[in-house]
Structures are given as C-alpha cells and as structure tokens.
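**Q** Below are the structure tokens for one structure; questions will follow.
The values are calculated or read from the model by the stated rules, or taken from the named source; none is laboratory data. What you see is a predicted model, and the numbers here were worked out from it, not measured in a lab. Positions of Cβ are backbone-derived with ideal geometry, glycine not excepted, and every protein chain shown enters the neighbour counts. We work out accessible area using only protein heavy atoms, side chains counted, and drop any ligands, DNA or RNA first. Shrake-Rupley method; radii C 1.70, N 1.55, O 1.52, S 1.80 Å.
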Amino acid sequence: MRRTLLGRTNLQVSAICLGSMTWGTQNTEAEAHAQMSLAADHGVNFIDTAEVYPTNPLTRENAGLTEKYIGSWLKANRHRNTIVASKVAGEGSAVVRDGGIITGKILRTAIEGSLRNLQSDCVDLYQLHWPNRGSYAFRKSWTFDPFTHPKGMADHVADVLETAEDLRNEGKLKHIGLSNESAWGVMQFVEAAQANNLPRIASIQNEYNLLYRTFDLDLAEVACNEDVGLLAYSPLAAGMLTGKYQQGHIPPGSRRAFNPTLHGRHHPRSLLAVEDYKRVAAKHGLDLAQMALAFVLSRPFVTSVIIGATTMGQLQSNLKAADLLLSKEALADISAVHRQNPMPM
C-alpha cells in the first residue's frame with residue numbers, strides 16, 4: 001500500500017488509516033483485533049483512536065476502552081511497527097474530566113492516560129480533538145459565528161506547544177496534530193511553532209467526503225503549502241456513501257440504529273446527492289463506497305484516509321479502494337454532481 005510522509009516528520013503512514021471508534025460498543029475486543037490484523041496484512045500501518053472512544057454512545061464508563069483494545073493487540077504484535085494516533089478531548093466532552101478546555105496540563109494528563117491504555121511508552125501522534133474556541137465541524141457550519149471566540153488564543157497555543165515539547169523531550173510524544181480546525185487555527189499553531197522552535201503541527205484530521213468538502217478551499221491551500229496534510233475522517237459520511245441508508249433503511253447494528261440523523265448527515269438533501277453518486281458509480285461499473293474512498297484518496301492534500309468498519313466484509317471491501325484509480329470521465333461526473341450538490345448536509 002502507498003505510504004506518505006506525515007507532514008514534515010519522518011513517519012511514513014499508509015494511505016489508509018484504520019479508524020477505531022466502534023471498538024467497545026459495536027465491536028468486541030476480538031473483532032477489533034481481527035480488524036487490526038486484517039488491515040496490517042493489507043499494508044495498513046496507521047491506526048487512529050481517541051481518549052473518549054468508543055462512540056455510539058459516548059459514555060464515561062466506556063471512555064478509553066478502544067485504546068485498551070489497541071494496546072492489547074499492540075502487545076501481541078510488536079513486530080508490526082504500527083503508528084498510532086490518539087486525541088485529547090476538548091471542552092464539552094463530559095465523558096472525561098467533566099468537559100474542560102484543553103490546556104497544557106490537560107494535554108499531559110490525557111497523553112499519560114492514553115499511554116497506560118495503549119501499554120506504550122510513547123504515542124506517535126497526539127491530536128487536539130476540537131478547538132477550545134469552537135468549531136464549524138459536526139454540522140455547526142450553519143450556525144458558526146467567528147466573532148464570539150474567546151480571547152487568549154496565543155497563550156493557549158504557546159501552552160500546548162510548550163507542553164508538547166516537554167513531552168517529546170520525555171519520550172512520551174513524537175508529534176502533535178489538530179482536528180476539526182479551521183485554516184486560521186492551523187496557522188496560529190504553525191507560526192507559533194516556527195517562531196519559538198516548538199513542535200510543528202504534523203497533520204489536521206477533519207471530515208472530508210463527497211457530501212462534505214469544506215476543506216477544498218482555504219484549508220487545502222494551507223495543507224499543501226505548509227505540509228499539514230489531511231487525515232480525512234468520515235470518508236463515507238458515516239455510511240451514507242455506501243447507499244445502505246437510502247429509502248429509510250436502518251440496518252440492524254449500523255450507526256444509524258444508534259444515531260438516526262448520523263449527527264445531521266442523514267437529510268433529504270444528502271439522500272438525493274447519494275442517489276446522484278450511485279448513478280455515477282453504476283455508470284462506471286464501480287462500487288459506490290470504493291468510489292467515494294478512491295476520490296478522497298486522489299486529493300493532493302490528503303495524507304491518509306481513515307476508514308471504519310463494523311464487519312470484516314466491510315473492511316475488506318473498503319481496503320480495495322487503496323488500489324482504485326478513478327478515470328478522468330468518472331472524476332468529471334463526480335465534479336458535475338458536486339456542482340449540483342455543493343453542501344447537501
């Protein structure tokens with residue numbers, strides 16, 4: 001499988017990253033281990049998790065369980081040389097630390113907890129799950145107000161990066177990344193790191209898929225010019241781009257069985273757009289989900305695409321997208337659908 005440098009680091013990560021947020025609720029430890037082994041056999045050397053996982057639902061009792069499943073697999077598979085990314089939760093997440101904002105002290109606490117769960121001395125990439133000041137992620141772009149952000153961004157950035165430097169010197173952290181960030185937010189971290197010789201942001205993990213392409217403009221420019229590549233999450237829009245939720249279907253055990261709106265993704269507009277993309281896939285003899293993943297993989301600002309699965313069959317199918325190159329004709333048809341459905345959710 002193709003590998004790409006993670007930002008300006010020396011880490012070579014696979015084009016596909018294995019997502020893990022269902023492990024502990026929708027998937028057992030044995031199923032999680034089977035997924036990791038299958039992905040590794042297909043050349044995947046990159047796993048993404050978070051201190052709050054699993055989801056569906058997020059609970060205080062389950063928080064960290066996914067990291068523990070990964071830790072038990074890593075202990076038995078040290079020869080795999082797996083790169084692990086995790087995240088510190090931000091303000092509003094009541095499942096850890098009663099939802100406080102991210103500070104340097106919180107970053108240290110979170111990493112040390114993740115290391116215990118992962119049975120590891122060092123985490124390869126640790127990401128800020130969402131910004132302290134708010135975000136337009138998670139369908140909040142419709143109400144996002146950039147004029148109400150609290151002051152103190154410079155102090156926050158310095159606090160986080162200085163703590164990251166300390167953690168790196170202690171051997172607990174290799175690299176730091178962002179998630180659910182804006183172009184302006186990324187540049188605050190990039191410029192502060194450069195000015196003060198502090199750890200540089202290696203990546204940004206934001207949602208990106210055929211139905212949600214806000215990254216295409218300012219963030220894409222930042223990613224390409226500053227080498228802060230995208231780790232694209234929800235490349236199938238929480239399963240919407242498999243087509244399995246069309247005509248009101250809710251397959252047993254699927255994410256929509258736990259969350260009927262899929263955090264706002266399941267909407268009459270998005271259902272119409274999925275139908276259009278289904279027609280493109282059929283026209284070119286493609287599997288819809290594989291086409292959707294291959295499109296994200298084709299974007300020049302993408303470092304890795306985070307795929308998730310609840311069954312081995314889903315995972316096997318998704319992994320095939322790594323070798324799929326879309327024709328110019330298919331890409332043109334995808335562009336035409338996007339012009340008709342620029343923001344369907």
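**Q** May I ask you to compute the full-extension gain from residue 269 to residue 4, defined as 0.36 nm times their residue separation minus their alpha-carbon distance, rounded to one decimal in nm?
**A** 91.9 nm
**Q** Another question about this same structure. How many nm separate the modelled label positions at residue 77 and residue 28, each set 7 Å beyond the Cα in the direction of the Cβ?
**A** Going by the 7 Å Cα→Cβ label model, 1.8 nm.
**Q** Semi-axes of region 59-215's equivalent ellipsoid from the Cα gyration tensor, sqrt of 5 times each eigenvalue, largest first, rounded to whole Å? Can you show the working numbers first?
**A** Details: eigenvalues 131, 74, 49 Å².
Ellipsoid half-lengths, sorted descending, are 26, 19, 16 Å.
**Q** I'd like the Karplus ³J(HN,Hα) series for region 168-176: coefficients 6.51, -1.76, 1.60, θ = phi - 60°, whole numbers in Hz, and an x wherever there's a Gly or Pro.
**A** Listing the rounded values in order: 5, 5, 7, x, 9, 9, 9, 9, 10 Hz.
**Q** In addition: For residue 91, list long-range residues whose amide hydrogen, built 1.01 Å from N in the peptide plane, is under 5 Å from its own amide hydrogen.
**A** 102
**Q** Please find, in a Gaussian network model of the chain (springs between Cα atoms separated by less than 10 Å), the residue of 178, 18, 286 whose mean-square fluctuation is greatest.
**A** 286
**Q** Return the tail of the calculated pair distribution for the chain, meaning the percent of Cα-Cα pairs more than 40 Å apart.
**A** 7 percent
**Q** Just from its helices, what would the mean residue ellipticity at 222 nm be for the chain, if runs of 4 or more DSSP H residues each count -39500 (n - 2.57) and the sum is divided by every residue, rounded to the nearest 500 deg cm²/dmol? Mind dumping the intermediate values first?
**A** Values: 11 runs with 132 residues, N = 345.
Calculated at 222 nm, the ellipticity per residue is -12000 deg cm²/dmol.
**Q** Percent of accessible area on region 184-338 owned by carbon and sulfur, 1.4 Å probe? Could the numbers behind the result be given before it?
**A** Values: 3490 of 6490 Å².
Carbon and sulfur: 54 percent of the exposed surface of region 184-338.
**Q** Give the Rg (one decimal place) followed by the Dmax (whole number) of region 137-262, computed from C-alpha coordinates and expressed in Å.
**A** For region 137-262, the Cα radius of gyration and maximum Cα-Cα distance read 17.8, 54 Å.
**Q** If Lys and Arg each add +1 and Asp and Glu each add -1, what is the summed charge of the other residues whose beta carbon sits under 11 Å from the beta carbon of residue 261?
**A** Every neighbour counted, the sum reads +4.
**Q** Please compute the per residue accessible area over region 162-211 with all protein chains in place, 1.4 Å probe, rounded to a whole number of Å².
**A** Here the per-residue accessible area is 36 Å².
**Q** Also: What accessible area, in Å² to the nearest ten, does a 1.4 Å probe give for residue 224?
**A** Approximately 70 Å² for this residue.
**Q** For the pairs 68/320; 68/172; 140/244, note any where the Cα-Cα span goes beyond 21 Å.
**A** 68/320; 140/244
**Q** If you plug each phi of region 276-287 into the Karplus form 6.51 cos²θ - 1.76 cosθ + 1.60 with θ = phi - 60°, what whole-Hz ³J(HN,Hα) values come out, in order, with x for Gly and Pro?
**A** 3J(HN,Hα) across region 276-287, in whole Hz: 5, 5, 4, 5, 5, 4, 4, 4, 9, x, 10, 6.
**Q** As an exercise, identify the GluC sites (Glu not before Pro) in region 145-242 lying in DSSP coil whose Cβ has no more than 16 other Cβ atoms within 10 Å.
**A** Listed in order of number, the matching sites are 170.
**Q** Taking 0.36 nm per intervening residue step and subtracting the Cα-Cα distance, what contour gain separates residue 261 from residue 12 on full extension? Don't jump to the answer; show the numbers that get you there.
**A** Values: separation 249, 0.36 × 249 = 89.64 nm, distance 3.60 nm.
So the extension gain works out to 86.0 nm.
**Q** Another question about this same structure. Label residue 98 and residue 340 with points 7 Å out from Cα along Cα→Cβ: what is the distance between them in nm?
**A** Rounded to a tenth, the inter-label distance reads 5.3 nm.
**Q** Taking only protein heavy atoms into account and a 1.4 Å probe, give the accessible area per residue of region 20-100 in Å².
**A** Per residue, region 20-100 has 38 Å² of solvent-accessible surface.
**Q** Quick one: grab Rg to one decimal and Dmax as a whole number for region 111-179, Cα atoms only, in Å.
**A** Cα only, region 111-179: 14.8, 42 Å (Rg, Dmax).
**Q** Hey, got the Cα dimensions of region 190-345 along the principal axes, in Å, largest first?
**A** Projected onto its principal axes, the Cα set of region 190-345 covers 54, 37, 29 Å.
**Q** Along the Cα-to-C-beta direction of residue 61, a point sits 7 Å from the Cα; which residues of region 80-102 have their amide N less than 15 Å from that point?
**A** Residues 95 fall inside that zone.
**Q** Set the Förster distance to 56 Å, then compute FRET efficiency between residue 324 and residue 187 from the Cβ-Cβ distance, nearest 0.05.
**A** Using R0 = 56 Å, I get an efficiency of 0.95.
**Q** Also, I was wondering about something else. Can you figure out the FRET efficiency of residue 168 with residue 217, using R₀ = 41 Å and their beta-carbon distance, to the nearest 0.05?
**A** 0.80
**Q** Under the 0.36 nm per residue contour assumption, what length would be gained going from the current alpha-carbon distance of residue 278 and residue 41 to full extension?
**A** Here the answer is 82.3 nm.
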